[in-house]
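The values are calculated or read from the model by the stated rules, or taken from the named source; none is laboratory data. Model, not experiment: these values are computed from the prediction. Cβ atoms come from the backbone with ideal geometry, glycine included; neighbour counts cover every protein chain shown.
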2 protein chains.
Amino acid sequence: MIANPLPVRPANFSRRIDAAETSAVREILKVTEKPEIISFAGGLPAPEFFPKAEMAEAFSRAILEDGEKALQYSTTEGYAPLRNWIATRMQAKGMRAEADNILITSGSQQGLDLLAKVLVNTGDKILVERPTYLAALQTFSLFEANFITVASDDEGMDVDDAARQLRQNPDIKLIYLVANFQNPSGTTLSLERRQRLMALASQYGVRILEDDPYGELRYRGETIAPIKSLDEEGLVVYISTFSKTITPGLRVAWLVAEPTIYTKLSIAKQATDLHTNTVSQFAVHRYLTEHDADAHITKLCGVYGERCRVMLEALEAHFPAGVRWTKPEGGMFLWVELPAHLNTTKMLPDAINAKVAFVPGAPFFAPSLASVRPQNFMRLNFSNQTPERIALGIQKLAEVIAKNEQQ
Amino acid sequence: MIANPLPVRPANFSRRIDAAETSAVREILKVTEKPEIISFAGGLPAPEFFPKAEMAEAFSRAILEDGEKALQYSTTEGYAPLRNWIATRMQAKGMRAEADNILITSGSQQGLDLLAKVLVNTGDKILVERPTYLAALQTFSLFEANFITVASDDEGMDVDDAARQLRQNPDIKLIYLVANFQNPSGTTLSLERRQRLMALASQYGVRILEDDPYGELRYRGETIAPIKSLDEEGLVVYISTFSKTITPGLRVAWLVAEPTIYTKLSIAKQATDLHTNTVSQFAVHRYLTEHDADAHITKLCGVYGERCRVMLEALEAHFPAGVRWTKPEGGMFLWVELPAHLNTTKMLPDAINAKVAFVPGAPFFAPSLASVRPQNFMRLNFSNQTPERIALGIQKLAEVIAKNEQQ
């Protein structure tokens, strides 16, 4: 575009963006959009089940019947009928939430950005799991947070380790976690651990960010109460989204927060994007009130549960001894641990040659002085491939692993 | 919502949000949504001219025909056909922009947030006009910028003053301005000043953020080339939006940037909200390519130009001697200067009693050690009231001013 392609002098960017890690993996994974590649890499819902006819009607009627409001600037807090609907839904999960506690956000990613904006000064400590959601690490890193990491196992965050870290770092400002069907691991925090974590937060006066994009996508086992429902003091900010239950392209999500921090989050949101897309909020509300959203979620749970089961069976059938993986009760991902000498980042080009893709696990571990990032993990998504392609893809991936084992 | 309504201990927010100014005016202005009040306060386009039928069709067809993509997660950079369309439009304004230089943003407010994220460290200096866009001040304040302010007059930013400030503060990191039909003042930077400002930016190696939401809404006079079209070195980031030319509720806007900073802005956007609402991007692209968007803009210019003219005539007819106002050639606002002893913030409740509203001018002046905010200005919006109500509202407002003059 520019006559002189040299960077401007001085480049002169902010410290936060100069420190941002660029992702070579992201570039490699761009090829996974090709249809011939069986991709377990993305975190995409299955588009063949999007409620297209219903959403087309919801948008069309929102615009034709309410267009002067649905297409106009709107309040930062969000469309009041939608906030009411969400509050009722949150109450059904045991939270004492009214509409005034609900802030509509532009995807739940924005919830992370806003919470970081109102809480994090340079160098502030955030407690996260090993591994944790990659994009949360990216957001918190842009606010120059320091990460304190705690171990996790098949029941989610190791709360004993969290207690140790809080004792050693009583100035931890925030505990971040995905309690249901975690991204990337697929594990779920047990009720007993949720109770103990809430008690720790109360003891240390530290806030919790409970990120729950997948909670409604449970395929087996019993629903577990959200940490927010155990929160007597307003220490928990809960965030969730319609991205996984309706469709992601709408970018309509929400957070639940007590009044003091809610006001701060609203001020931050106003300065960030004024408000979330109005017409999508109207359309989502129409969809929720004029169609059977729960039946749609039940259908998705059937489809994704089957895909999960097929992936687990294929792993059992094809993956070599010495490989471990999680057995999720819901969500979209499972997490595979290869023998320690294998490196999944180095393995990825081989996999793509074999027409199968995954995300290497290393970036899901927070950058931290205390630990070197493990290289022998991979995240597998099971929501966006048919059962047939899942079975085939796992077989191919097993061959790639076997080949790398021999090298 | 919470059993114990006391704030959590410790409140423990970030420095940036603790320093954020809360707006008493914002609370007062909430009443202006009542239909009996003639509001010149907001910055709303006229909803009666929204292309409702066309947008309903665009959304419906985008979902029915392309729903598996239009409702899915998308790339951070934005929908490629829309970026192409915008690049062509930018080229027609004299910019050397390709699609790779276009980043779709969630409203142009997000452009401000992203640019601050990638440039501003705590204490960095940003040069702004007196007055300037309120929400830009809010965004930059959240990144703890320091403002260096320069005077402006009927031709926009006083470039001699800007040169002085740059000489005294060679570490200024960014020049922010609205060159066309400024918010709040309605003034337009002359071509000669644009050229001098670009030369200054080049001399000092400082970036310019050219915020151009209103450029297409010109009612009289000749179009002036954007500063970005004069940019040989990639120093200017240009932002604009479909909010004023199509509808604001879509939150679809864009920025134009050279590759080095573009990459940084994309990384920041990914951490901020992953990507902009996909379905709105598809619908906007359909609207732009299947309907006559330029004819719609021409119609809006006719309507708003008439409203502007009616407001100017009413000001001339009713406002007392000693009051000055700008004469915009486009956009949505004009700026009124009352005699120095009058205080528009104190006058606002009187106005609301008289069923007319405006925005007091004080918050449009950057907080700065060097100057006390003038209290005798008001911003008037003319796009969102009929000519009849504009004439009546200005008459009422004149009475409020006369009454305050006598006190």
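Okay, here's what the table says:
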{"item": "Pick from the stretch B:17-59, criterion part of a helix (DSSP H, G or I), basic (K, R) and modelled with pLDDT under 95, ranking: nearest to A:V120 (Cα to Cα)", "result": "B:R26"}
{"item": "Qualifying residue in the stretch B:183-204 (condition: surrounded by 24 or more Cβ atoms within 10 Å (Cβ to Cβ) and over 21 Å from the mean Cα position of the chain (by Cα))", "result": "yes"}
{"item": "Residue that is within 24 Å of the chain's Cα centre (by Cα) and assigned by TED's automatic domain parsing to the domain that holds A:E233, where the choices are A:A62, A:A99, A:A80", "result": "A:A99"}
{"item": "Selection status of B:V356, of a type in the set (A, V, I, L, M, F, W, C) and exposed (fewer than 14 other Cβ atoms within 10 Å of the Cβ)", "result": "no"}
{"item": "Residue list for the stretch B:184-219, restricted to those being assigned to a loop (DSSP other than H, G, I, E, B), touching a helix residue (DSSP H, G or I) at 6+ places or on another chain (Cβ under 7 Å) and not hydrophobic (A, V, I, L, M, F, W, C)", "result": "B:P184, B:P213, B:E216, B:Y219"}
{"item": "Filter pass, B:E68 being free of Cβ contacts under 8 Å to residues at least 60 places away in the same chain and in contact with a Pro (Cβ under 6 Å, 6 or more places away or on another chain)", "result": "yes"}
{"item": "Total residues in the stretch B:20-62, condition in contact with an Asp or Glu (Cβ under 9 Å, 6 or more places away or on another chain), more than 30 Å from B:A366 (Cα to Cα) and either small (G, A, S) or facing another protein chain (nearest Cβ under 9 Å) (or both)", "result": "8"}
{"item": "Looking only at the stretch B:261-312, and only at residues there that are among the β-branched types (V, I, T) and buried (at least 23 other Cβ atoms within 10 Å of the Cβ), the one that is nearest to A:S240 (Cα to Cα)", "result": "B:T272"}
{"item": "Residues (more than 21 Å from A:G156 (Cα to Cα) and charged (D, E, K, R)) located in the stretch A:335-384", "result": "A:K346, A:D350, A:K355"}
{"item": "Any hit, the stretch B:325-343, residues being in a helix (DSSP H, G or I) and either within 25 Å of the chain's Cα centre (by Cα) or in the same structural domain as B:R309 (by TED's automatic domain parsing) (or both)", "result": "no"}
{"item": "Of all residues making up the stretch A:168-182, the number that are more than 22 Å from the chain's Cα centre (by Cα) and among the small types (G, A, S)", "result": "0"}
{"item": "Unique residue being at the interface with another protein chain (Cβ under 9 Å from one of its Cβ atoms) and within 20 Å of the chain's Cα centre (by Cα) when the list is A:K117, A:K69", "result": "A:K117"}
{"item": "Yes/no for A:A271 being farther than 20 Å from A:R389 by Cβ and more than 12 Å from every other protein chain (Cβ to nearest Cβ)", "result": "no"}
{"item": "Residue in the stretch A:94-111 that is crowded, with 23+ Cβ neighbours inside 10 Å, within 7 Å of chain B (Cβ to nearest Cβ), over 25 Å from A:G205 (Cα atoms) and touching a residue at least 12 places away in the same chain (Cβ under 8 Å) present", "result": "yes"}
{"item": "Residues located in the stretch B:184-213, provided they are under 27 Å from B:P363 (Cβ atoms) and without any contact (Cβ under 8 Å) to a residue 24 or more places away in the chain", "result": "none"}
{"item": "Among (1) in a helix (DSSP H, G or I); (2) at pLDDT below 95 - the single one B:P320 does not satisfy", "result": "(1)"}
{"item": "Those residues of the stretch A:138-154 which are closer than 24 Å to A:G205 by Cβ and not aromatic (F, W, Y), in sequence order", "result": "A:T139, A:E144, A:A145, A:N146, A:I148, A:T149, A:V150, A:A151, A:S152"}
{"item": "Hits in the stretch B:112-165 - residues which are touching a strand residue (DSSP E or B) at 6+ places or on another chain (Cβ under 7 Å), surrounded by 21 or more Cβ atoms within 10 Å (Cβ to Cβ), in a helix (DSSP H, G or I) and not aliphatic (A, V, I, L, M)", "result": "B:F140"}
{"item": "Selection from the stretch B:253-268 of residues that are at the interface with chain A (Cβ under 7 Å from one of its Cβ atoms) and under 24 Å from A:E144 (Cβ atoms)", "result": "B:T260, B:K264, B:I267, B:A268"}
{"item": "Residues of the stretch B:216-236 satisfying the condition of being without any contact (Cβ under 8 Å) to a residue 40 or more places away in the chain and either more than 14 Å from every other protein chain (Cβ to nearest Cβ) or under 16 Å from B:W254 (Cα atoms) (or both)", "result": "B:E222, B:T223, B:V236"}
{"item": "Sole exception among (1) more than 30 Å from B:R15 (Cβ to Cβ); (2) out of contact with any Ser or Thr (no Cβ under 6 Å at 6 or more places or on another chain); (3) crowded, with 24+ Cβ neighbours inside 10 Å; (4) away from chain B (no Cβ under 11 Å) for A:T247, by number", "result": "(4)"}
{"item": "Residue in the stretch B:313-344 that is farthest from B:P213 (Cα to Cα), counting only those that are crowded, with 19+ Cβ neighbours inside 10 Å and among the polar types (S, T, N, Q)", "result": "B:T344"}
{"item": "Subset tally (residues that are surrounded by 23 or more Cβ atoms within 10 Å (Cβ to Cβ), facing another protein chain (nearest Cβ under 7 Å) and modelled with pLDDT of 95 or more) for the stretch A:72-93", "result": "0"}
{"item": "Residue list for the stretch A:323-360, filter: in contact with a helix residue (DSSP H, G or I) (Cβ under 6 Å, 6 or more places away or on another chain) and small (G, A, S)", "result": "A:A351, A:A354, A:A357"}
